[in-house]
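A short worksheet on the structure shown next.
The values are calculated or read from the model by the stated rules, or taken from the named source; none is laboratory data. Every value quoted in this text rests on a predicted model; they were computed, and no experiment measured them. FYI the Cβ positions are ideal-geometry reconstructions off the backbone, even for glycines, and counts take in every protein chain you see. Remember, those area values only see protein heavy atoms, side chains included, never the ligands or the DNA or RNA. Shrake-Rupley method; radii C 1.70, N 1.55, O 1.52, S 1.80 Å.
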Amino acid sequence: MRKPPVLAIVVPCYNEEEALPLTCKLFHAELDDLLAKGKVAPGSHVLFVNDGSKDKTWVIITAL
């Protein structure tokens, strides 16, 4: 039987202050579901990358 892959989701963020809290919840819920179903391995993660935002995107990312 094949081992499930470790999944890394990279999300570029540019001025996502309003959307980021919701986006984070959705990605983490989906990742939790995939983990529970054995579709991805523990160690799978979501990586939010600030792409030079002018708003509070980085503050939100670091708080997450």
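Only helical DSSP H runs with n ≥ 4 go in: add -39500 (n - 2.57) per run for the chain, normalise by residue count and round the 222 nm mean residue ellipticity to 500 deg cm²/dmol. If you can, show how the numbers build up before the last one.
Values: 2 runs with 24 residues, N = 64.
After summing the helix terms and dividing by residue count, I get -11500 deg cm²/dmol.
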Chymotrypsin sites (Phe, Trp or Tyr not before Pro) lying in DSSP loop within the chain, provided at most 12 other Cβ fall within 10 Å
Tyr14
Nearest-20 debye value, the chain charge dipole, Cβ charges on Lys, Arg, Asp, Glu:
420 debye
For the chain, averaging the sequence separation of alpha carbon pairs under 8 Å that lie six or more residues apart and dividing by its residue count, the contact order in percent is 53 percent
Between helix 20-36 and the chain: long-axis angle, C-alpha atoms, 0 to 90°, nearest 10:
10 degrees
Lys and Arg at +1, Asp and Glu at -1: neighbours of Ile61 with Cβ under 13 Å from its Cβ sum to -3
GluC sites (Glu not before Pro) within the chain: which are DSSP loop residues with at most 13 other Cβ atoms inside 10 Å?
Glu18
Pop out the carbon and sulfur fraction of the accessible area of the chain as a percent, whole number, probe 1.4 Å.
60 percent
Which of the trypsin sites (Lys or Arg not before Pro) across the chain are loop residues per DSSP, with 10 or fewer other Cβ within 10 Å?
Arg2, Lys37, Lys54
Largest-first principal axis extents of the Cα set of the chain (Å)
47, 17, 15
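Any idea of the accessible area per residue across the chain, 1.4 Å probe, to the nearest Å²? Before the final figure, lay out each step's value.
Details: 4790 Å² over 64 residues.
For the chain, the per-residue accessible area is 75 Å².
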